[in-house]
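The values are calculated or read from the model by the stated rules, or taken from the named source; none is laboratory data. Keep in mind it's a predicted model, so treat the numbers as computed, not measured. Accessible surface areas use protein heavy atoms only, side chains included; no ligands, DNA or RNA. Shrake-Rupley method; radii C 1.70, N 1.55, O 1.52, S 1.80 Å.
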Amino acid sequence: MTGAGDRVGRALRRAPRALYQDLWSAPVDPLPPQGAPGAPAWHPVLGMLLVLAAPLIAVWHVPDLVAHGAAVPAYAVLLVTLQAMAVLAGLWRPLYAWWASLVLMVVSVRIAESVSVPGDPFPWTGADTVLQSLALLLLSLRVRPRRSVLALAVTLAAGAVSGLPVPQGRSWSVGTGAAVAAAVVIGSALRALRVTRTQLVAQSGLTAEERSRRTLLEERTRIARELHDVVAHHMSVISIQAQVAPHLVENPSDELRENLTGIRENAVEALAELRRVLGVLRSEETGADGVRHAPQPTLDRLDELTGKVRTAGIHVDTETTGDRRPLAPGVELSAFRIVQEALSNVLRHAPGARARVEVGYQSAAVTVRVTNTAPAGPAAPSTGTGHGLLGMRERASMLGGDLSHGQLPGGGWEVVATLPLEDPA
């Protein structure tokens, strides 16, 4: 019992500070800019409706503050004007606007009670109910439900106190409490919808970013699997040459034998480490062993590639400029894969188009350009990952090259890759 009493005591001591924070000092939710993800489309509409409705409510409220047949006093006009302005201020400062509307409502109740007759709503007039409901609605749109409920409780308490003592022959109007409570419920529901939409948009952005990152890693993994074969081939050649070299020299010295043996051992060890590190990449492949261990393609197989594309229904022209010569294995493989992916994109996205493949051999680089005309008809829905350009860019960047792509006049498309022939380092 003592522990429970202590907790109750601490809660009571913290209550004034909590109420002060919830109903005065704590900030309200900032509304996102219009057009931003999660921004409510109804907020500008609500603002326009309030601008139009506030003057009408004020005019409606004036007779409640004036005795029947009497002239309209200036204070009544000032009061209803301030009440309308307080509601409009709720679009920007809903917490302080609610306080201002609450104070003005209490003043209005006291004035209206002195001129009201039996049968009029009590203690709030119809205009007071509408104005206070709008103030609570705007507040509920921008604060947590707990704060909205506290504001509702304060509003009802202030309305009840302002109507005391109850005049003879008058009774409390239940509709007033129902109206302001409904405003809080609607506002809290709309706020929850806005918060949920904002979180959903943020989560969707994170999901798209994660998907893009995963796709990039998968593409790099695929490139690593292919280059593994190239590196493994060179390491194997080094090992074999180091083993054969002593037999090509008459009476090789012990020092030469020892160095060549060290070269071979280092090559074999490096090859084993390479296979161990990248073995998991190879184990994830699902192709047949014959396909997995087939020689990596080079530009010498470009005619074979274009022939398959022609069989699929795309007319392809090829042109080679410069002195055709063997390139480094990584450059040959990347150039071939870029052409292959670009032609695959033509097949998927430009049915009936004409394609052209240009390979230019230069002194320091090889340039690959794949273009196509506008498609002859609409393309079928793609079932691929949609990241072919990402893979081509990764291959070019890996070699220190550059890749550009874009639309051509007339509706065609082009992909241009420049791959340097020397190590960029």
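Observations on the model:
- Summarising the amide proton neighbourhood of R354: residues at separation of 5 or more, or on other chains, whose placed amide H is nearer than 5 Å comprise T373.
- Between amide H atoms placed 1.01 Å from N, distances below 5 Å from V366 occur with L419, L421, all of them 5 or more places distant or on a separate chain.
- HN-Hα J in Hz across the range 401-408 - Karplus 6.51, -1.76, 1.60, θ = phi - 60°, x for Gly and Pro: x, 9, 9, 10, 8, x, 7, 9
- Portion, in percent, of the accessible area of the range 315-361 that falls on carbon or sulfur, probe 1.4 Å: 46 percent
- HN-Hα J in Hz across the range 155-160 - Karplus 6.51, -1.76, 1.60, θ = phi - 60°, x for Gly and Pro: 5, 5, 5, 5, x, 5
- Per-residue ³J(HN,Hα) for the range 18-31, Karplus 6.51 cos²θ - 1.76 cosθ + 1.60, θ = phi - 60°, Hz, x for Gly and Pro: 5, 5, 4, 5, 5, 9, 8, 8, 5, x, 9, 5, x, 7
- Computed Rg/Rh of the range 308-425, alpha carbon atoms with Kirkwood Rh: 0.98
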